Amino acid sequence: MGDVLAKEWLDYGTTLVKSLQLELSPVSVSRIPSAQCMQPPGEKVRICRAFLDASKGKTIVVNKANNSCFGASWHLGFHKMDDPKIAGMVKKFVVEGEKLFCSYAALDTLMAQIGEVQDNSGISFLLAPLEKAREQPELVLFVCNAEEACRLLTLCVFLDGKMPKIKIGGPTCRMAVMYPLTEKETNLSFYDYTARKLCNVEKDKLLLSIPYERIPAMVEAIEKCSAGTAKIEYPEEFRQFLKARVGAR
């Protein structure tokens with residue numbers, strides 16, 4: 001199909017950065033068979049760090065072989081946590097080590113809300129700046145500040161008025177990648193606090209993940225929506241209403 005419309009997402013990346021004056025590039029996230037990947041031997045990767053690096057220009061592959069985060073190996077579906085002893089050890093670290101939950105019951109409650117992850121043991125996640133991505137994205141992830149997130153979310157809701165079913169509070173890779181991929185849902189993540197510290201995430205940065213299929217219409221809406229480049233206008237009847245209301249005070 002004409003090289004997927006001549007890789008239209010490359011133009012989308014450039015347009016989003018320029019029109020919304022984004023500080024960092026949107027990140028294309030796609031899944032490809034690991035057998036197709038050429039990754040330097042011995043190079044280990046943390047996907048929470050890879051988000052930042054890809055937003056600054058790097059193309060990065062994350063898979064079972066090079067993933068360096070134990071939590072991500074489970075949350076991304078590279079391994080299953082079938083051994084009860086390992087599962088217990090991980091829970092103890094999260095509750096008593098990281099101190100992210102007050103109890104095991106609280107951790108179990110959160111995990112029950114974020115669903116299962118499919119088997120991705122033979123899959124690689126390819127991350128790249130959207131304007132340079134060689135594969136069609138499944139997900140576009142924005143490392144952005146609150147104002148940039150507000151504009152992007154407004155453009156997203158502008159399409160059909162449907163508010164995203166946002167889930168906040170779980171592990172970064174699960175909520176920024178697997179939840180939006182699995183549920184085809186826009187999501188917002190502040191990074192989990194351990195990831196923020198390990199990756200030295202700037203205090204104003206958060207993650208906004210948007211399924212790729214919503215991106216073309218969002219780009220088209222930029223000129224029509226005030227969260228993009230359209231100017232706010234006041235219809236004459238509204239002007240008169242406001243004028244009368246102020247005069248009545």
Can you tell which of Thr194, Thr14, Thr109 shows the greatest fluctuation in a Gaussian network model of the chain with Cα springs below 10 Å? Thr109
Calculate how large, on average over all directions, the projected area of the Cα convex hull of segment 25-145 is; give the answer in nm² to one decimal. 8.8
Given R₀ = 25 Å, FRET efficiency for Glu135-Lys56 by Cβ-Cβ distance, to 0.05? 0.85
Please express the shape of segment 89-164 as an equivalent ellipsoid: the semi-axes are the square roots of 5 times the eigenvalues of the C-alpha gyration tensor, given largest first in whole angstrom. 31, 21, 14
Per-residue ellipticity at 222 nm for the chain, helices alone: DSSP H runs ≥ 4 residues times -39500 (n - 2.57), over residue total, nearest 500 deg cm²/dmol? -11000 deg cm²/dmol
Would you calculate the convex hull of the Cα atoms in segment 166-249 and tell me its volume per residue in Å³? 179
Provide, in order from the shortest bin, the percent of all Cα-Cα pairs of the chain in each 5 Å bin, continuing until the bin that contains the maximum pair distance. 1, 6, 12, 17, 17, 15, 11, 7, 5, 3, 2, 2, 1, 1, 0
Which FRET efficiency, nearest 0.05, do Gln118 and Lys203 yield, Cβ-Cβ r, R0 35 Å? 0.55
Return an integer: the convex hull volume of the alpha-carbon atoms of segment 110-249, in Å³ per residue. 176
Within the chain, percent of DSSP bridges classed antiparallel, to nearest 5: 95
Going by how many other beta carbons lie within 10 Å of each one, how would you line up Tyr212, Tyr12, Tyr234, fewest first? Tyr234, Tyr212, Tyr12
Show me the helices of the chain, taken as full DSSP H stretches, that run 20 Å or more along their long axis by Cα and average -1.0 or above in Kyte-Doolittle hydropathy. 2-20
Taking other Cβ within 10 Å of each residue's Cβ, how do Leu155, Leu126, Leu242 sort, fewest first? Leu242, Leu126, Leu155
The alpha-carbon pair-distance distribution computed for segment 48-94, with 10 angstrom bins and whole-percent values, is 23, 44, 23, 10, 0
The set of residues whose placed amide H lies less than 5 Å from the amide H of Val27, leaving out same-chain residues fewer than 5 positions away, is Leu130, Leu141, Phe142, Val143
Charge tally in the Cβ shell below 12 Å around Gly13, where Lys, Arg are +1 and Asp, Glu are -1, Gly13 excluded: 0
Arrange the following residues from fewest to most other Cβ atoms within 10 Å of their Cβ: Lys64, Lys205, Lys167. Lys64, Lys167, Lys205
Amide proton proximity set for Ser124, modelled H, under 5 Å, gap of 5+: Ile32, Ser34
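Readers should treat all values here as calculations from the given coordinates under stated rules, not as data from a laboratory. In this text the structure is predicted, and so the values were computed from the model without any measurement. Virtual Cβ from ideal backbone geometry, glycine too; neighbours counted across all protein chains shown.
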